[in-house]
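Read through the structure below, which is laid out as structure tokens, and then see the notes.
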Amino acid sequence: MTKVCVITGGSSGIGLSIVKLFIENNYRVFNLDLTPSSTGDFCQCDVTDVTQVRNIIDHIASEHTIDVLVSNAGIHFSANIENTSEEALEKVFNINVKGAYAAIKSVLPHMKTQHSGSIILMASDQALIAKHNSFAYNLSKAALASIAKTTALDYASFNIRANAVCPGTIETPLYHNAINNYCDKSGADKTQVHAEEAALQPLNRLGQPEEVAELVLFLASDNAKFITGSLQVIDGGYTAQ
Ligand code: NAD
């Protein structure tokens, strides 16, 4: 039987790989994103608008059983605390954390009624460790790890699982934008910075979005039915150092 997955931020990078892999595995996927995409069922949505997210998810739930939520939409912002303006902090927090709050809060009543569901939050290795010049992003990803644990505890009795995926550096448009911004500011060479970034990883390469999608598919499946409240690291060994 076709299962249903709702994802946020499924038009690019890791999210797009998740949409493609889930469709290949017989899921129908509703993609809530700002940027239009022809892969999956696209729903124009700004995840910072809690009412808009709830209305879209309620509409999907009126016609389908939502088996899986992947809360993935996120942005990066490079700066230490002194260089993070209140506006920048609010922007990162609103998309990365309030967006997850909106999506999770919206699916829970439906998952409770059906007494099943798997919620997967796209956190980061920065939920576990800090990286330089990433004040707002570090903070937002640590918050997502907390949301995964809290949701797992509060909704285990409804047979709803919640887990956070913690990728290391994955080659996506978000990664390339971060490198480009850094090089534009510092004058560093992009090819060299990219090579240095790969060399920082114990496996000596960056991760690929398809690799993260495989982990998400596993967490969504019944093969992971005893896994909840966990932080799943997929980082080529980076945080083991
Ligand atoms: P990406 O920039 O390629 O994709 C992000 C998607 O989110 C885009 O489709 C964008 O349109 C969407 N989005 C942004 N703001 C939105 C909003 N307000 N409402 C709805 N959609 C919105 O990024 P990515 O690298 O694929 O990252 C996806 C997730 O994975 C993010 O949460 C990111 O923090 C996390 N992550 C990425 C890496 C990495 O190295 N790329 C590592 C760890 C975690």
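The values are calculated or read from the model by the stated rules, or taken from the named source; none is laboratory data. Note that the coordinates shown come from a computational prediction; the quantities given were computed from them, not determined experimentally. Backbone-built Cβ (ideal geometry, glycine too); neighbour counts: all protein chains shown.
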When every residue in segment 16-39 that is part of a helix (DSSP H, G or I) and either over 13 Å from the mean Cα position of the chain (by Cα) or within 18 Å of ILE56 (Cα to Cα) (or both) is compared, the one nearest to the ligand (Cβ to nearest atom) is VAL19
Top-ranked residue in segment 77-104 [being under 14 Å from ASN133 (Cβ atoms) and small (Gly, Ala, Ser); ranked as surrounded by the most Cβ atoms within 10 Å (Cβ to Cβ)]: SER78
Segment 119-146, subset assigned to a helix (DSSP H, G or I) and more than 13 Å from the ligand (Cβ to nearest atom), residue surrounded by the fewest Cβ atoms within 10 Å (Cβ to Cβ): SER146
THR150 versus (1) within 16 Å of the ligand (Cβ to nearest atom); (2) among the polar types (S, T, N, Q); (3) assigned to a helix (DSSP H, G or I): which is the lone unmet condition? (1)
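Can you find a residue in segment 144-153 that is at pLDDT below 95, hydroxyl-bearing (Ser, Thr, Tyr) and under 19 Å from ILE75 (Cα atoms)?
no
How many residues does segment 191-215 contain that are part of a helix (DSSP H, G or I) and within 23 Å of LYS20 (Cα to Cα)?
Of the residues in segment 191-215, 7 are part of a helix (DSSP H, G or I) and within 23 Å of LYS20 (Cα to Cα).
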May I ask you to say which residue of PHE218, PHE226 is without any contact (Cβ under 8 Å) to a residue 12 or more places away in the chain, part of a helix (DSSP H, G or I), closer than 24 Å to PHE22 by Cα and of a type outside the set (S, T, N, Q)? PHE218
All but one of (1) over 21 Å from ALA136 (Cβ atoms); (2) in a helix (DSSP H, G or I) hold for PHE93, so report the exception by its number. (1)
